[in-house]
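The values are calculated or read from the model by the stated rules, or taken from the named source; none is laboratory data. Note that the structure is predicted; figures quoted are calculated from it, not measured. We place every Cβ from the backbone using ideal geometry, glycine too, and count neighbours over all the protein chains shown.
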């Protein structure tokens, strides 16, 4: 079918697609949709600005991104994806686009159950293929996957330290302690070495000075490790 949308990708018949900045139609659509569901903003330390989310699953994803030292920053509702599928023009606005150590990645959080779940699975397939043709990674997650424990609970524990501002001397002691342990140690081990000085570990991780392994069964067993570059 004739289309002014370029970059065709063949699947389910003819699919043509393009990625564009948001326009007034997108903003009006987002306003209508979010008026009927829980939505809001988070105070993002990583972006040094408020970040908008449309549904709780997107908020929870952003909280994980805040704690992930491999993520330099992220943009919510970054752009729109226009495509023609089964003869219909459609548009989708992804949840976030993140700048990571491995390059850009676009992410969504979709329901994995209910009457609309099949459509969201198809949407993830289509949008993923569109971004793949642009050389950009795409990942769609279910809310249950985002809130997977113990990772999510550990992330919330780390975020409780967002307002802590350790002194340069306290941060240096953490780095020295980790170095003596071969580059990594659990929070419990650091507390044994530094006492309350170990409280500097989590705010350092939020500033991307340290990596954290959030798969630990509880917060005291989270393992911190030095990142290349050290203190900035």
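General remarks:
- In the condition set (1) farther than 18 Å from residue 21 by Cα; (2) modelled with pLDDT of 95 or more; (3) over 11 Å from the mean Cα position of the chain (by Cα), residue 61 is compliant with all but (3).
- Scanning region 150-188 for residues that are within 14 Å of residue 201 (Cβ to Cβ) and in a loop (DSSP other than H, G, I, E, B) yields a count of 9.
- Taking the listed residues 160, 199, 213, the one that is under 24 Å from residue 43 (Cα atoms) and either loosely packed, with under 14 Cβ neighbours inside 10 Å or in the same structural domain as residue 66 (by TED's automatic domain parsing) (or both) is 160, with no other qualifying.
- Looking across region 143-162, the residues that are free of Cβ contacts under 8 Å to residues at least 60 places away in the same chain and under 15 Å from the mean Cα position of the chain (by Cα) come down to 144, 145, 148.
- The residues listed here are 113, 90, 180, 134; of these, the one that is free of Cβ contacts under 8 Å to residues at least 40 places away in the same chain and surrounded by 13 or more Cβ atoms within 10 Å (Cβ to Cβ) is 90.
- Of all residues in region 54-74, those that are part of a strand (DSSP E or B) and surrounded by fewer than 17 Cβ atoms within 10 Å (Cβ to Cβ) total 2.
- Some residue of region 94-103 being under 11 Å from residue 81 (Cβ atoms) and over 15 Å from the mean Cα position of the chain (by Cα): no
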